[in-house]
Amino acid sequence: MQEAMIKRAKELLADGTVNRVMGWKKGEFVYDTTPAVFETAEELEKEFVCNDFTQANLSKYLIKESRKEGKILAFLKPCDTYSFNQLLKEHRIIRENVYVIGIPGGPKLDMEKIKAKGISGILDVKNENFTLKIETLYGTETMPFYEAVSGKCADCKSKKHVVYDELIGEDGDVLASRRFDMVEKLENMTSQERYDFWRGELSKCIRCNACRNVCPACTCENCVFDNPKSGIDQKAAADSFEENMFHIIRAFHVAGRCTDCGECSRVCPQNIPLHLLNRKFIKDINSLYGEYQAGADTTSKCPLTDYDTDDCEPSIVHERGVE
Amino acid sequence: MFRISAEKLNDLFDRIASKQTLYIPVDREDKAAEYKKYESGMTLSSALNTVRSAKDFFFPQTENLAEFRLSGKTIEVKDIRSEHEDFVIFGVRACDARSFGILDSVFLSEPVDTFYKNRRDHGTIVTMACTRPEETCFCTTFGINPTMPGGDVSVFPDGTGYSFLANTEKGKEFMAEISDMLEEGNPAQLAKVQENTRNILKRLPLANLKTDSFGGERLMKHFSSEKWAELSESCIGCGTCTFVCPTCQCYDIRDFDTGNGIKRFRCWDSCMYSDFTKMAHGNSRNSQLERFRQRFMHKLVYHPSNHEGEFGCVGCGRCLSKCPISMNIVKVMKALEDK
Ligand code: SF4
Ligand code: SF4
Ligand code: SF4
Ligand code: SF4
Ligand code: SF4
């Protein structure tokens, strides 16, 4: 895959279709890949990487990149194409300035899951017939590939590319994923249990803002949490409930626009399952307004910004709130 | 040197905790380690290090500094400081132990930060020698020896038990309180463990990283390097690297309107943020490139220049494993070093 991508990128650079390529760059280890822009064939050959650890969603970078001189080639996984589409819909990305090549997605691997097995000092990870062979400072370890699959890939909603100029590899289908299972579990808890669950998770938050900054739906020029005029621009909690408010407000801000790309939970240094908040909104939108997938297209109206006489009444909150 | 067998470690914790508050690293459900206030029955984490560093004990993420109350035309200023209670942090790694010295050089130099000093005076630091360094560890780059971790008391695990060595007066007092639980140590066994660790340290992938190309005298060379654009291009400015970093020391002071008064608090700040050092005229670093450059220039150039050559990084590797886009100080050093 990586070789085919480099080859095609070099062709498109050479024939002038694009003047830059957005992909991932090799790091010090097998897993620390960084989103990067490449300008020459030499750079691509030396540093371009696409492997089991190239998880980062590139779509948000295209807001800035598509405003630069010339056209950029971007390699997008299926989930990233949903983010890309949503950003097109919000007029954030200039479509003409991006050449999209759809590439197959994961399942990608999560280093934290490997480390959680007690495997440390990791020097190399190889996938041999869905068994991971892990070279470490302390000898070779093995573990099943599927136990190291990242959270976002384990709950993959679709292997279909919703936007592209060309594809490398075959396109897939929308999947019948089990991504709402955990949301359902939370719904079935008593309100006290649910409260305790979220307080437990959110109290770990160090308010580093990684979840917000990586989120392709969070593209405000000046976020309310950074705006001194908003009255809620705290860098830290003034009281112990404020972290919770930060997350609840953020979930509301991205409701109907969150494509469930999984980046928030991926980047959280404290492993907080933030995606569950957003999935609750997605699940509710589906059940109250009919199936809706943000980013699936660029023309449909989001139920939350549209009005229909069949829309549910605000009283639904009370009806559903009864235990 | 005195030793306790592994089975008796929790008895020791119970003893310490009966006298003062004890914090130990424990495993969370997600297998990440964090410091927790010890309660009987808790198990010491086997992870190498905690996600959040130990600096939290002395320089917490938020703390209240003062309160103001308005009645009529008078403003009452309330000093809400109280003497901190004694506490023990157990299991601090050599990298974090060194970070306290770096924080001291800032917070304990004139004018002394009394909030920080209060905690520092009351804390006893019990360190833990490393025996299984991670691939992301590069403390030795900064002259840190993880087999001799320092602090008030050093603890050396040998597989079946732990040996204790007091390094300071505070450490000796701590040892006196527990001496009846300790037995004679086995220096030969310990020497073997240390030898083994030293061999691993030599084989670490970052073992050859050098600081030779950095320091105060390289200011202009590094500041004007063309590499910053490429290094910072995908940084999302989240500040995770600064929040997990044991040596990051920047804070902001803010007033919070409680409705019937003002609470003045301070909280961590990050040079990666757009409002960092924002003043009446605006911000001095308007692009992410400048903000990114600040972080690494501070660690590698400004800090040694202001503090007798001491770098502002201890090589703990947290920013290596936690940056969402895997950009970090090692990549910066490798890009900027003299070729
Ligand atoms: S990434 Fe995690 S720790 Fe950081 S602000 Fe978001 S939830 Fe909090
Ligand atoms: S270097 Fe990484 S962790 Fe630090 S602000 Fe940039 S993206 Fe965030
Ligand atoms: S810069 Fe990174 S490696 Fe250095 S002390 Fe901070 S977190 Fe640790
Ligand atoms: S300037 Fe940046 S790198 Fe330096 S201590 Fe402050 S936050 Fe950390
Ligand atoms: S950086 Fe050094 S002292 Fe810190 S955990 Fe790793 S080996 Fe131990």
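Quick look at the values:
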item	result
Matching option when the condition is within 24 Å of the chain's Cα centre (by Cα), hydrophobic (A, V, I, L, M, F, W, C) and either over 27 Å from residue A:43 (Cβ atoms) or more than 10 Å from ligand 2 (Cβ to nearest atom) (or both), among B:313, B:323, B:319, B:238	B:313
The range B:270-288: number of residues that are surrounded by fewer than 19 Cβ atoms within 10 Å (Cβ to Cβ), within 15 Å of ligand 2 (Cβ to nearest atom) and within 12 Å of chain A (Cβ to nearest Cβ)	4
Helices (runs of 4 or more DSSP H) fully within the range A:208-323 counting 3 or more residues that are at the interface with another protein chain (Cβ under 10 Å from one of its Cβ atoms)	A:210-214, A:263-267
Elements of type strands (runs of 3 or more DSSP E) contained in the range B:15-112, each with 3 or more residues being touching a residue at least 40 places away in the same chain (Cβ under 8 Å), open to solvent by less than 60 Å² (accessible area, probe 1.4 Å) and in the same structural domain as residue B:178 (by TED's automatic domain parsing)	B:21-27, B:62-71, B:87-92
Test set (1) open to solvent by less than 60 Å² (accessible area, probe 1.4 Å); (2) among the hydrophobic types (A, V, I, L, M, F, W, C); (3) outside any helix (DSSP H, G or I) - residue B:200 fails condition number	(3)
Exclusive hit being surrounded by 16 or more Cβ atoms within 10 Å (Cβ to Cβ) and assigned to a helix (DSSP H, G or I), set A:53, A:84, A:75, A:29	A:84
Residue in the range B:289-297 that is open to solvent by 20 Å² or more (accessible area, probe 1.4 Å), more than 9 Å from every other protein chain (Cβ to nearest Cβ), touching a residue at least 60 places away in the same chain (Cβ under 8 Å) and more than 20 Å from residue B:206 (Cβ to Cβ) present	yes
Residue selected from the range B:118-144 under the condition outside any strand (DSSP E or B) and away from ligand 3 (no atom under 16 Å from the Cβ), by the criterion least open to solvent (accessible area, probe 1.4 Å)	B:129
Single residue of B:270, B:305, B:274 found to be within 16 Å of ligand 3 (Cβ to nearest atom) and in contact (Cβ under 8 Å) with a residue 24 or more places away in the chain	B:270
Residue, least open to solvent (accessible area, probe 1.4 Å), within the range A:119-128, restricted to residues that are at the interface with chain B (Cβ under 8 Å from one of its Cβ atoms) and outside any loop (DSSP other than H, G, I, E, B)	A:122
Where a residue in the range A:107-118 is more than 8 Å from chain B (Cβ to nearest Cβ) and under 28 Å from residue A:175 (Cα atoms) and its partner, wherever it lies, is acidic (Asp, Glu) and assigned to a helix (DSSP H, G or I), with Cβ under 7 Å and at least six apart	A:113/A:147
Residue within the range B:209-231 that is more than 14 Å from every other protein chain (Cβ to nearest Cβ), part of a loop (DSSP other than H, G, I, E, B), surrounded by fewer than 21 Cβ atoms within 10 Å (Cβ to Cβ) and of a type in the set (Lys, Arg) present	yes
Matching option when the condition is under 17 Å from the mean Cα position of the chain (by Cα) and either assigned to a loop (DSSP other than H, G, I, E, B) or at pLDDT 95 or above (or both), among A:70, A:105	A:105
Test set (1) at the interface with chain A (Cβ under 10 Å from one of its Cβ atoms); (2) open to solvent by 40 Å² or more (accessible area, probe 1.4 Å); (3) in a helix (DSSP H, G or I) - residue B:205 fails condition number	(3)
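The values are calculated or read from the model by the stated rules, or taken from the named source; none is laboratory data. These numbers come from a predicted model, not from an experiment. Heads up, the Cβs are rebuilt from the backbone with ideal geometry, glycines too, and the neighbour counts pull from every protein chain shown. Only protein heavy atoms, including side chains, enter the accessible area calculation; ligands, DNA and RNA are left aside. Shrake-Rupley method; radii C 1.70, N 1.55, O 1.52, S 1.80 Å.
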